[in-house]
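**Student:** Below is a structure I'd like to ask you about.
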Amino acid sequence: MLKSWKFYRRLVQVSMILIFLLPLLGFLGIRGTLVASSIFGIPLLDPLATMEVALASRQVGSLAIVGVILVLGAYLILGKAFCSWVCPVGFLVELAGKIPYLKKRNRRKDSNSQKQWYWMLPVVLIASFLVGVPVFQTLSPIGIFYRAILFGFGLELLLVAFIIGLELAGVQRGWCRMLCPLGAFYALLGRMSLLGLKIDRKRCTKCRRCVRNCAYAAGSLKGAIGEGSGTMNSPLCTRCGSCIDICPEQAISFKFQLPQFFRRTKPESVPEVAAAAESKWEPSRRELFQLGGAVAVGGVLTLAMAPVKKACPVMLRPPGAGTEAEFLSQCIRCGQCIEVCPEKALLAGKASHGLALGTPYFIPREAPCTLCMECPEVCPTGALKPLPMEDTRIGVAVIDEERCYAFHDDVCRSCWNNCPLYDEALYMRDFQFPVVVEDKCTGCGLCEYACVMDEPAIVILPRKEKY
């Protein structure tokens, strides 16, 4: 006997979390997160992240277009399946909804309503363009979840807790249906999906167990088993298979079919909804509220994030980064550069770093950059560009002569001995005093790391100009 769709879905959900944890074990054949990843050399890139980076940076030349096409192709076939099969936040929310009192209350629901609010999608795209930062990739609970388990927990996990709290408060799939721009994007893409549902009218007894068990497309499902066409290809359906599993007559099955977008027949729905669709469209109060909310939230986000962006601390970035503004506009916080760093020098920004949340940086005194140049090779958006070691300009070394042993008649050449470009970026004047050549200094931090002082006498400061 075949396992239920729920079994296979749980298997996929757990596997999607575990495979991205493999870098923690030293296996880099699979790296990244759901934002951008490399699976045995095959690049995958979130289309929404691509749009955000293109808008924030005003360029698309360096994006991994092949990775975008692969992801788009998959969900043009599968529709909104990402939400129920892949998304870790959807997995956590679904588990929270299994709490007995929530489960009992949700099963009583049998309505024609099916909600998908699209307003956050234009909000994050417009805000990304105006602020110059991929807004959703910065605040995405999906990215926060993966970065937390890969690179360490932080206060940003409160966002994930808030989403689960919505479910516990009784707002069923509140984040997924009303606030998530990625869910809205896949719902739009789902209009052209090839995978839908087929209802066998001879077997169906119209018990509506499937409708009561559906969290996303109950209205369309009710129409399909009622007076509809007997098929359903709703863009809101996440292809979770729960309706198939719960049907006692086995009257529902998956079926590949021509998308509703290309069909001439009317969409399957409840008769009242279908009749309303035939009439001239008039915006409802809820739609007007959503439109006004989108404009208001977009304005607030833009006004709030602009000063926050300016207040972000300037950090030492991996080699290949341009100016801080350019880097923040192109980095999608996927973590691949952090994973491939052989010295484990790169860290992921936390909530205290503001809009630099999730971006890679390093602290020379703790772990300097050895200029292996592996991180630019894996960057999917061009935020890090491959450069020769001698052309890298991460920062510049500055010597505090009052603290340096050499300027107090002691002999110490630790910084000079560890400089990868000694006698070019750092030389000894009169065989005694270290001197930094700013135009040659890479800012790798090896000198700061090697300084014998408790508080280093030579430190790396970020460069403000573009190199």
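**Student:** Per-residue counts of other Cβ atoms within 10 Å, averaged by peptide: what ranking do you get for 80-86, 131-137, highest first? List each step's numbers first, then the result.
**Tutor:** Values: 80-86: 24.4, 131-137: 26.9.
Ranked from most to least packed, the peptides come out as 131-137, 80-86.
**Student:** Would you mind giving the average projected area, over all directions, of the Cα convex hull of the range 300-429 in nm² with one decimal?
**Tutor:** Details: hull surface 37.8 nm².
With the hull built on Cα positions only, its mean projection is 9.4 nm².
**Student:** Going highest first, how would you order 439-451, 399-411 by mean Cβ packing within 10 Å?
**Tutor:** 439-451, 399-411
**Student:** Also, quick follow-up: Can you list residues from other chains, or at least 5 along the same chain, whose modelled amide H is less than 5 Å from the amide H of GLY196?
**Tutor:** Here the answer is LYS255, PHE256, GLN257, since their amide H atoms fall under 5 Å of that of GLY196.
**Student:** Here is a follow-up. Whole-Hz Karplus ³J(HN,Hα) for the range 155-161, in order, using 6.51 cos²θ - 1.76 cosθ + 1.60 and θ = phi - 60°, x for Gly and Pro?
**Tutor:** Per residue, the Karplus-derived 3J(HN,Hα) values read 5, 4, 5, 4, 5, 5, 4 Hz.
**Student:** Moving on to the next point. If you average over every viewing direction, what projected area does the convex hull of the Cα atoms of the range 422-467 give, in nm²?
**Tutor:** Here the figure is 3.7 nm², rounded to one decimal.
**Student:** Pulled fully out, how much extra length does the chain show between ARG201 and LYS385, if you take 0.36 nm times their separation in residues and subtract their Cα-Cα distance?
**Tutor:** Details: separation 184, 0.36 × 184 = 66.24 nm, distance 5.81 nm.
Net length gain for the segment: 60.4 nm.
**Student:** Evaluate E = 1/(1 + (r/R0)^6) for LEU24 and ILE99, where r is the Cβ-Cβ distance and R0 equals 30 Å; express this FRET efficiency to the nearest 0.05.
**Tutor:** 0.50
**Student:** How much length, in nm to one decimal, is gained on full extension between VAL60 and ASP400, taken as 0.36 nm per residue of separation minus their Cα-Cα distance?
**Tutor:** Additional length available on full extension: 118.2 nm.
**Student:** What nm value, rounded to one decimal, do you get for the distance between VAL14 and HIS408 when each label is placed 7 Å out toward the C-beta?
**Tutor:** Taking the simple label geometry, VAL14 and HIS408 are separated by 6.0 nm.
**Student:** Using only alpha-carbon positions, what ratio does the radius of gyration of the range 1-55 give when scaled by 2.2 N^0.38 Å?
**Tutor:** Details: Rg = 14.4 Å, N = 55, 2.2 N^0.38 = 10.1 Å.
Expressed relative to 2.2 N^0.38 Å, the Cα Rg reads 1.43.
**Student:** Out of residues 5 or more away from ILE30 or on other chains, whose amide H comes under 5 Å of its own, with H placed 1.01 Å from N in the peptide plane?
**Tutor:** Sorted by chain and number, the residues that satisfy this are PHE40.
**Student:** State whether the range 388-467 is rounded, prolate or oblate according to the following rule on the C-alpha gyration tensor (a ≥ b ≥ c being the square roots of its eigenvalues): a/c under 1.5 gives rounded; otherwise a/b larger than b/c gives prolate, and the remaining case gives oblate.
**Tutor:** Values: a/c = 2.02, a/b = 1.60, b/c = 1.26.
Prolate is the answer for the range 388-467, as a/c is 1.5 or above and a/b outweighs b/c.
**Student:** Could you sort 363-373, 176-186 so that the peptide with the highest average Cβ count within 10 Å comes first and the rest follow in order?
**Tutor:** Numbers: 363-373: 18.3, 176-186: 23.0.
The peptides rank, most packed first, as 176-186, 363-373.
**Student:** Could you give the length gained by full extension between ASP430 and SER352, i.e. 0.36 nm per residue of separation minus their alpha carbon distance, to one decimal place? Walk me through the numbers before you get to the answer.
**Tutor:** On the way: separation 78, 0.36 × 78 = 28.08 nm, distance 4.42 nm.
My answer for the length gained is 23.7 nm.
Rule-based calculations on the coordinates, nothing more; no lab input. Everything numeric in this text was worked out from a predicted model, so none of it was measured. Note that each Cβ is placed from the backbone with ideal geometry, even for glycine, and that neighbours are counted across all protein chains shown.
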